[in-house]
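One structure is given here, and the rest of the page talks about it.
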Amino acid sequence: DSLLRRLIYESDNIINQAFEASNRPEAILDRALTAISGLRVDAASAEQEGVSFKEAARRLLKRFDEKESELAIYTGIEKLDEATGGFRPGELVVFVGSTGTGKTLLTQQTRREACQAGRHVLFASGEMDAESLLARELASAAGVPHSKMRNKSAILPDELRRLIRAASHQCDRCAILDGELSLRRIERAARQMKAGKGIDLLVIDCYELISVEGRDEFDAQKNLVRGAKSLAIELACPVILVSQLRKLLQGEDRRRPTLARLYGSSAKAHHPHTVIYIERPFVEELCGDETEARICILKNRTGRVGELPCRFNVRSLCFESVPEPSEPPPTVVQDSHPAQPRGDRE
């Protein structure tokens, strides 16, 4: 069997590397995990070759099973979840937008929805450390302006009590991976979580800050997207990849985002199952209740694409669907000359 021969070959390589004193144990472990996971993905792909129409139909109908639908990850935005059907195991999802538009806030909102449903999430953040990331969560849950989270003297005693209460309600099903991030480090942490308590969602924030091997920058970007897709298949969970939107070229329409504006490699447009664009006005202070927002589904292999009505709540730091306007009741036109009863007519 070719798979067994490859397994023996990779095992011999790992043993030989372990005997070499110049190799670091962490590097050997990374190579071993990468090699074994590659075999698992290849084995899964081989099993899928030549699937009969009957088997494909069985798998399709299984997705309508109640237990299967429970595996989906939702954002909490009703219209968006209806359009995508939720993010399913093995899917690569890209959240894209300009700086400060709320990409990370949407991933945090998705993580909260997953956590409340009892799911396990690994949040790999190359942009913020664990404390900064959690500051938004606690401020939102406690109803404290986020601007106060960096100034202890500005926090009122009642606000501090609410923050402590919000911190006590944080679950241990979600983990944050921060610091200098590489694809290898994310893979290792995700596999450890999978082998331990399990993993239902992996968030990688953000694409431009993750280091990965490649011949050049373009090749590295392509390897990152492919690696994230392979990881989604291997872990059997959705992977959300957060990315920047590149600057407009001369002549491009600012009002209409397209897949062509995804930053970096074109692989980011080809491999994802879903691509979601986020836009909202910059908010300096957490005052007022709501601001307008814009969410567009640029790619959706299982549903519709297009813009969704949306708003952003600056107090809860959440995106919400805009309720559709109800139709006014039909106007009843009164007849100025009502008909008389038959008996009263001459």
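Starting from the Cα of residue 171, step 7 Å along the direction of its Cβ; do the same at residue 52; then give the gap between the two resulting points in nm.
With each label point 7 Å from Cα toward Cβ, the separation is 4.0 nm.
What nm distance separates the two modelled labels at residue 15 and residue 153, each placed 7 Å from Cα along Cα→Cβ?
Roughly 6.7 nm, to one decimal.
Taking loop as defined by DSSP and a crowding limit of 12 other beta carbons within 10 Å, which GluC sites (Glu not before Pro) in region 136-194 fit?
When the GluC sites (Glu not before Pro) of region 136-194 are filtered for loop state and at most 12 Cβ neighbours within 10 Å, 180 remain.
Return the distance in nm (one decimal) between the two label points of a simple spin-label model at residue 211 and residue 316, each offset 7 Å from Cα along Cα→Cβ.
4.0 nm
What is the packing order of peptides 237-245, 144-152, taking the mean over residues of other C-beta atoms within 10 Å and listing the highest first?
My ranking of the peptides, most packed first, is 237-245, 144-152.
Every number here is computed from the coordinates shown, using simple stated rules; none is lab data. Please read these numbers as outputs of a predicted model, since none were measured by experiment. Please note: Cβ atoms are built from the backbone with ideal geometry, for glycine as well, and neighbour counts cover all protein chains shown.
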